[in-house]
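Report on the structure given below.
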Amino acid sequence: MKKLTFLGICIFLTVTGFAQDIITLSAPHMDGGMPLMKALKNRQTSREFADKKLTDQQLADLLWAANGINRPESKKRTAPSAMNYQEVDIYVSTALGLYLYNAEKNSLTEILKEDIRAKTGIQEFVKNAGANLIFVADYSRMTKSDEKTKEAYAMADAAFISENVYLFCASEGLATGVRAYIDKEMLGKIMKLTPDQHIMLGQAVGFPKGK
Ligand SMILES: Cc1cc2nc3c(=O)[nH]c(=O)nc-3n(C[C@H](O)[C@H](O)[C@H](O)COP(=O)(O)O)c2cc1C
C-alpha cells in the first residue's frame, strides 16, 4: 500500500501482468459554482501560475467538469462527443506523476511516477502549473469514420472539453490556458502512447500567480 496525500485512497491492481496504482478521486461537487454568465465574463487564457498544487477536491471537480459522466444511465459526459465516440481521454501531469482519468470509476490510473509537466508543452510556463491536462484521442474508438474525419472530430471534442475546463477555472478562481504548441512526437513517446492515440491539445491549470 502506498500513500499519496494529494488524492486519497491508493490501491494496487494487477492489470495484464503488471501493477498499476489506481487513485480514487473525491466525489465531485456537482452543484454550486459561479453563475454561468459571470463565469463566461471571467473566462480567459493565463500563462502565469503560482507554485501551488490543486486540492484533492479541486482536481476531482475539475476532471468531472472537463469530461465527467453527468448521466450515469447512458454514461454520457459533460462534454459532447461526435457520434458519442468518447474518444478523448484526459491525462493529468502533476509534480507527482502522470495519470489517466477514468470517468466511470472517478479515479486516476498512474502511468508514470515522474514530473513531466515541463515536457507537456514548449512554453516555459507549463512547468509551473499545478496540473497540466493532455487531451489524447484514441482513433481506434472511431470505428465508423475515415482518417480525416477522425482528426476533425477529435479536435472538436477536445476543444469542448477545454472550454469546460476554462469555465470551471473561471468559476473556481483558477488560472488556465489551452495549448496546441506541444512537441507531440516527443511527448507521445514519454507518455508511451500507442499508434492509435493522438495528442490533440494540452491545458495548464493552477492558481493565478500572486494569489
Ligand atoms: C486551439 C487553440 C490552441 C492554442 N494554443 C496555444 C498555445 O500553444 N500557447 C498559448 O500560449 N496559447 C494558446 N492558445 C490560447 C490563445 O492564444 C488564446 O485563447 C487567445 O490569445 C485569446 O485569449 P483568451 O483565451 O484570453 O480570450 C490556444 C487557443 C486555442 C483555441
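Laid out as a table, the results:
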| item | result |
| --- | --- |
| Neighbours by Cβ (under 7 Å, 6+ apart or cross-chain): first from segment 178-202, under 18 Å from residue 156 (Cα atoms) and free of Cβ contacts under 8 Å to residues at least 40 places away in the same chain; second within 16 Å of the ligand (Cβ to nearest atom) and part of a helix (DSSP H, G or I) | none |
| Residue under evaluation residue 176, criteria (1) within 16 Å of the ligand (Cβ to nearest atom); (2) part of a helix (DSSP H, G or I); (3) among the hydroxyl-bearing types (Ser, Thr, Tyr), criterion not met | (2) |
| Inter-residue pairs, beta-carbon under 7 Å, first in a strand (DSSP E or B) and in segment 114-132, second β-branched (Val, Ile, Thr) and within 14 Å of the ligand (Cβ to nearest atom), 6+ apart | 131/205; 132/120; 132/126 |
| Sole exception among (1) assigned to a strand (DSSP E or B); (2) over 18 Å from residue 161 (Cβ atoms) for residue 100, by number | (2) |
| Verdict on residue 83 being away from the ligand (no atom under 16 Å from the Cβ), touching a Ser or Thr at 6+ places or on another chain (Cβ under 9 Å), touching a residue at least 60 places away in the same chain (Cβ under 8 Å) and within 20 Å of residue 203 (Cβ to Cβ) | no |
| Single residue of segment 86-97 satisfying the filter (assigned to a loop (DSSP other than H, G, I, E, B) and touching a helix residue (DSSP H, G or I) at 6+ places or on another chain (Cβ under 9 Å)) that is nearest to the ligand (Cβ to nearest atom) | 87 |
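Read-outs: derived from the displayed coordinates by stated rules, not from any lab. Here the structure is a predicted model, which is why all the values come from computation and not from measurement. With ideal geometry, Cβ positions are generated from the backbone for all residues, glycine too; neighbour counts draw on all protein chains shown.
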